[in-house]
Every structure is written in structure tokens, then in C-alpha cells.
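Novice: Got a structure for you, written out below as C-alpha cells; questions coming shortly.
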Amino acid sequence: MKDEQSLPDEQEEKTGVSRRSFLKVFTGTAAGIGISQVFNPALVRALTKALEKHPVLWIQGQGCTGCSVSILNSVEPSIADVILKVINLEFLPTVMTSEGQTAMENLYRVADAYNGKFSLIVEGAIPTAADGKYCVVGEYHEKEITMVDLVKDLGSKAGSVIAVGSCASYGGIPAAKGNVTGATGVMEFFKQYAIKTPVVNIPGCPPHPDWMVGSLVYLLEKGIPELDSDGRPILFFGENIHEHCPRLEQYDNNNLSEKMSDAQGCRMELGCKGPNTYADCYKRKWNNGMNWCVDNALCIGCVEPGFPDSFSPFYEPA
Ligand code: FSX
Ligand code: SF4
Ligand code: SF4
């Protein structure tokens, strides 16, 4: 607890974001989890300075906006704190008041002014078929701008890219069987166009708000976090759900739920994909620590490449 105690109050005063908030993001909410080495007492103080120089542009393609909605549910730190005091968010269609030509002008102005320095967040897959015409995101100088144009252009200029959600990371639902739009994730798209900007994947359908806020803060403060072979921060996606599940003992004792409404029992026979899934949901929990998928239903493997096809049908055991 030394780090938490040694963080002076003046840093909180500068940013208005509490130490506790950030500790929570980096450690999960369950009792007994040690404070991660990732947390640095200078983090909060450094954020304001660093972020003035690193604006964040959040663009949206083929998704359901669930990723944006999920981050808007960020409770500690609150999304108001994150947007107003922690990151310099210059563009996010779901919440910004600016629209049309004005919004697009601002988008390109920031990208040009901070060439190589800003962070680009991509939400939703990129439909590459039909010359990108399945997803027109705006107009600029009387020309239609597709998601393909935007990711190519801004992706090349960005200092780093965060792909939020399974759609932006791996194609997700838009790239599932029957994918007529050529939907693809950012890393795959960058390969096709030989774009070298580093990409961090934050999958999940949608991702947990802590995974997004935590990875963004880490990226801006310390650089690219350690990633697994699927481009995900090990910090949040390094653990197998089944191996850490609170119901593992019930699995070992062959105490298996027979229906979803059974309060107890391992969900294996109902189709739980925990054994094939890597994320810290079991300890971080969702809805401000209230519950998680296995409490209410089961894990469907939403953070894994190949989701949803490789886990379908969801009701069959893995
Ligand atoms: Fe995809 Fe985001 Fe799933 Fe939705 O927009 S990750 S469909 S929850 O939310 O991109
Ligand atoms: Fe594993 Fe799922 Fe059973 Fe938990 S509920 S022990 S994750 S199979
Ligand atoms: Fe996704 Fe499984 Fe975590 Fe639920 S428990 S959010 S399905 S990875």
C-alpha cells in the first residue's frame, strides 16, 4: 500500500482524479488483489502534462456503439473525470456536439497539427469491400469519407492506435460468417496497407471500461504495454478465466449447473467458454463490480480472436 499512501494530495488536486480510482483500474476490484507494479505514484501528476501534447481521436466504424456506451459506464474514475481531466479527447461522434463539416475539419486539423503524436482509438470493424462504401463516416470538402479512408489516413499519422472492442481488434460480429462487407480488424487492415503504427487491441464485446481507460492511460504515460500474441495487454488479458473462476471447485467436484437459473454450479455443460478465454472479468467484475457473466449466465469468449464464430453455438460445451 506504500504507493497509494505516498501519492501526495496535491496531485489529486491538480487532476481532480483520485488515487483510488486509478488503483482500482489497475488492480481489479476483488478484495485481496495486490497493487500492481504498473501503478506509478507519479502517474496522475504526469498525465495532465503528457496528454496536452497527445490528443485522442476516437472514430467509429462497423460496430454497435457498445464500446462507447461501456466506457461511458466508467464509474471510478468517472467518465467525466477521464474526458475533462485526464485525456484530451478531441473527437468521439457518440458524445460530441460538433457535427458535419465542422466536426470533420476539426478531426483533420488535430491529426495534421499533432502528426505522429496523437492517439487514434478505433471502434468497430472496417468494411473493406465495395471500396469501403459500406461505411461512409462523413463528408470533407464535398467528398464522402469512408471508414477505410479514415483508418488509412489517420492510422498512418497517429503515434499509436487502440482498437477498442472485438470488432476493431479482430473483426468481431461484422466479420462473422456471412460477412459480405469485407469487415476486418485494425491490425489486419494495417497489414494490407503496410501501415506501421503500433496497435494495442482491447477486445471484448464490449470491452470493460477499465480495460479501455487503463490501457489508454498506460499507453500515454509509459508507452505500449506488454502484449500477448493477439495484441492484447497482458495486464488485463493475461489470465485464463476457467483457471481462476470462483466456480472451479464446483467444476472439479462435478457440480454442474443444468439450467441458467441454477444459482450454483459450473456452467460448463451450458456452454461456458471460460476454458478458452483470457481476461480478468472473474476478479474485476462488471457494472462497477456488481457481477459478471458467469454469475448471470456464462462466458461466451467475447475477447478472443475468432469470436463469435469459433465459439458458436454458445449453448454447446467448448
Ligand atoms: Fe463491436 Fe463496439 Fe461488440 Fe458492439 O461498437 S465489440 S459489436 S459490443 O460495441 O464494436
Ligand atoms: Fe470454468 Fe465456466 Fe465452470 Fe467457471 S463456470 S469453472 S469458467 S467452465
Ligand atoms: Fe466476455 Fe467472458 Fe468476460 Fe463475459 S466473462 S465479458 S463473455 S470474456
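Novice: With only Lys, Arg, Asp and Glu charged, each at its Cβ (+1 for the first two, -1 for the last two), find how big the charge dipole of the stretch 118-198 is about the Cα centre; round to the nearest 20 debye. The partial results should precede the final answer.
Specialist: On the way: 7 positive and 8 negative charges, 63 e Å.
Roughly 300 debye for the stretch 118-198.
Novice: Just name one of S169, Y193, N253: the one whose Cα is farthest towards the positive end of the charge dipole of the stretch 145-261 (beta-carbon charges, Lys/Arg +1, Asp/Glu -1).
Specialist: Positive-end residue among those listed: Y193.
Novice: Relative to the Cα centre, what is the charge dipole magnitude of the stretch 177-314, using +1 at the beta carbon of each Lys and Arg, -1 at the beta carbon of each Asp and Glu, and rounding to the nearest 20 debye?
Specialist: Working: 12 positive and 17 negative charges, 81 e Å.
That gives a dipole near 380 debye.
Novice: Another one. Using amide H atoms built 1.01 Å from N in the peptide plane, name the residues 5+ places from K117, or on other chains, whose amide H lies under 5 Å from its own.
Specialist: G159
Novice: Quick one: 3J(HN,Hα) in Hz for the stretch 59-64, Karplus 6.51/-1.76/1.60 with θ = phi - 60°, rounded, Gly and Pro as x.
Specialist: Per-residue couplings from phi come out as 10, 10, x, 8, x, 10 Hz.
Novice: If you don't mind, another one. Can you give the Rg to Rh ratio of the stretch 166-257, both from alpha-carbon atoms, with Rh computed by the Kirkwood formula?
Specialist: Reported Rg/Rh, Kirkwood definition of Rh: 1.08.
Novice: For G100, what is the net charge nearby, where nearby means another residue's Cβ is under 15 Å from its Cβ and Lys, Arg count +1, Asp, Glu -1?
Specialist: -3
Novice: Peptides 193-200, 122-129: what's the order by average Cβ count within 10 Å, highest mean first?
Specialist: 122-129, 193-200
Novice: What does the charge dipole of the stretch 239-318 about its Cα centre add up to, to the nearest 20 debye, if the Cβ of each Lys and Arg holds +1 and the Cβ of each Asp and Glu holds -1? Mind dumping the intermediate values first?
Specialist: Numbers: 7 positive and 12 negative charges, 53 e Å.
With only Lys, Arg, Asp and Glu charged at Cβ, the dipole is about 260 debye.
Novice: Next question. Viscosity 1.306 mPa s, temperature 10 °C: give me the Stokes-Einstein translational D for the stretch 239-318 in µm²/s, with Rh taken as the Kirkwood radius over C-alpha pairs. Before the final figure, lay out the partial values.
Specialist: Working: Rh = 12.5 Å.
Rounded, D is 127 µm²/s.
Novice: Can you tell me which of 292-304, 222-234, 165-177 comes out highest on packing, and rank the rest after it, using the mean Cβ neighbours within 10 Å?
Specialist: Packing order, densest peptide first, comes out as 165-177, 292-304, 222-234.
Novice: I would also like to ask the following. Quick one: which of 87-100, 271-284 comes out on top by average Cβ neighbours within 10 Å, and what's the full order, highest first?
Specialist: Output ranking for 87-100, 271-284: 271-284, 87-100.
Novice: If you find the alpha carbon centre of the stretch 175-210 and of the stretch 233-288, how far apart are they in angstrom?
Specialist: Rounded to whole Å, the Cα centres lie 26 Å apart.
Novice: Can you tell which of Y278, V294, G231 lies farthest toward the positive end of the dipole of the stretch 193-318, using +1 and -1 charges on the Cβ of basic and acidic side chains (Lys, Arg; Asp, Glu)?
Specialist: G231
Bear in mind these aren't lab numbers, they're just calculated from the coordinates by the rules spelled out. Just so we're clear, the structure is a prediction, and the values are computed from it rather than from any experiment. Cβ: placed from backbone, ideal geometry, glycine included. Neighbour counts: every protein chain shown.
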